[in-house]
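The values are calculated or read from the model by the stated rules, or taken from the named source; none is laboratory data. Everything numeric in this text was worked out from a predicted model, so none of it was measured. Heavy atoms of the whole protein, side chains included, go into the accessibility calculation; ligands, DNA and RNA do not. Shrake-Rupley method; radii C 1.70, N 1.55, O 1.52, S 1.80 Å.
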Amino acid sequence: MRDWAKARRERTHHLIELGGLVQKAGLVDLTDDDRATLLGAFLDIVGQLHGGSETTPDDLKTRWRRAGLHAFDRDREHDRTTGGNDHD
């Protein structure tokens with residue numbers, strides 16, 4: 001496989017995973033799949049990480065990471081107890 005094709009495949013896989021996170025967080029349903037609302041929310045997050053809030057960017061990332069890891073752990077536990085056959 002050519003380098004450019006491999007890089008494109010890897011980028012596509014990465015973007016699909018990111019879209020899955022948006023879905024997993026419930027943002028698609030909560031925003032009625034409004035792409036402008038989603039983009040605005042992401043831009044708000046960018047502003048917060050650039051220091052646009054009282055909480056430091058590192059504290060925000062730590063809090064968000066902890067919440068994300070907790071959600072992944074809940075999903076793993078749910079899959080373990082249900083056999084993984086019960087995803088939305």
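Adding -39500 (n - 2.57) for every DSSP H run of four residues or longer, then dividing by how many residues the chain holds, sets the calculated 222 nm ellipticity at -25500 deg cm²/dmol.
Remark: the Cα gyration tensor places the chain in the oblate category, a/c being 1.5 or greater and a/b not exceeding b/c.
Tell me, what % of the accessible area of region 1-85 is carbon and sulfur with a 1.4 angstrom probe? Working shown, then result.
Numbers: 4010 of 7280 Å².
After summing per-atom areas, the C and S share lands at 55 percent.
Note that the chain presents 87 Å² accessible area per residue, ligands and nucleic acids not counted, probe 1.4 Å.
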